[in-house]
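Have a look at this one.
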Amino acid sequence: EKLVCRLVPDSEEPEQVAELDERLLATPPVALMSCREMTAKMADAAAQGLRDSASLLTGFDPATAKAVKKIEDLTDHYEDILGTYLVKLSSLSISADDNAEAAMLLKAINDFERIGDHSVNLMESAQEIHEKELSFSDAAKQELAVLLSAVSDIVELTFRAFGINDLSAAMAVEPLEEVVDDLTDKLISSSFVELRQLVESASEEELAFMEDGVKM
């Protein structure tokens, strides 16, 4: 048994997700409840992927990077199952409230899938930083930590708002999003200042090296 486990690698397929019961379509409110429960699981996976990818920016780990990609595959799988089921549900003669719920869930699963994509983008950026042996200045590290903390707060508030219909948490998201925008602009501006200072103080040989890097 141990030999077989070594010879046969783990499957790279997405984690198995239970299919939604087609028979529940005869009772739309129950079918919607099942969709919401699965969407909550999708949300948890997307949030975990984002947390993992953010951690890679301050310390790259191949195992975590692989986990981020698997989570992204999982969120894609969730979107496929839920999207197909919700479209079928929406085509039935259902109440206006149920139709609005189905439309909301369709939009939500699209947003959660995009979070999975962004997590992979962050992971790939972290991998590039690691492979090229780049590093942030101390000031940039501090600003990045503040930015990641604000994003983490937004994720927690957003998923809590979705999971338990917490309106107060939902109302707190937009102000924090504006904070994240400001922090992002500041971090980008600081990076340009640091880059300009680096160029101004660089020797001709260092400038030539940087130019070659840009061309590559």
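The values are calculated or read from the model by the stated rules, or taken from the named source; none is laboratory data. The structure displayed is predicted, hence computed values, not measured ones. Glycine gets a Cβ as well: all are built from the backbone with ideal geometry, and neighbour counts include every protein chain shown. Accessible surface areas use protein heavy atoms only, side chains included; no ligands, DNA or RNA. Shrake-Rupley method; radii C 1.70, N 1.55, O 1.52, S 1.80 Å.
Among the residues of the range 32-49, which ones are closer than 15 Å to Phe159 by Cβ and open to solvent by 30 Å² or more (accessible area, probe 1.4 Å)?
Arg36, Glu37, Ala40, Lys41, Asp44, Gln48, listed by residue number.
Name the one entry in Leu74, Leu57, Leu82, Leu89 that is under 25 Å from Val146 (Cα atoms) and not basic (Lys, Arg).
Leu57
Answer yes or no as to whether Glu143 is modelled with pLDDT under 90, in contact with a Lys or Arg (Cβ under 9 Å, 6 or more places away or on another chain) and at negative phi.
Yes: the conditions hold for Glu143.
Then there is this: Taking the range 128-155, which residues are free of Cβ contacts under 8 Å to residues at least 12 places away in the same chain and either within 27 Å of Ala46 (Cβ to Cβ) or open to solvent by less than 80 Å² (accessible area, probe 1.4 Å) (or both)?
So in the range 128-155, the residues free of Cβ contacts under 8 Å to residues at least 12 places away in the same chain come out as 128, 131-136, 138, 142, 149.
Glu128, Glu131, Phe136, Ser149 - these are the residues of the range 128-155 that are free of Cβ contacts under 8 Å to residues at least 12 places away in the same chain and either within 27 Å of Ala46 (Cβ to Cβ) or open to solvent by less than 80 Å² (accessible area, probe 1.4 Å) (or both).
Here's a follow-up. Does the range 65-86 contain any residue that is touching a residue at least 60 places away in the same chain (Cβ under 8 Å), among the hydroxyl-bearing types (Ser, Thr, Tyr), part of a helix (DSSP H, G or I) and farther than 22 Å from Thr158 by Cβ?
yes
Of the residues that make up the range 46-66, is at least one charged (D, E, K, R), farther than 30 Å from His130 by Cα and out of contact with any strand residue (DSSP E or B) (no Cβ under 9 Å at 6 or more places or on another chain)?
Taking every residue of the range 46-66 in turn, none turns out to be charged (D, E, K, R), farther than 30 Å from His130 by Cα and out of contact with any strand residue (DSSP E or B) (no Cβ under 9 Å at 6 or more places or on another chain).
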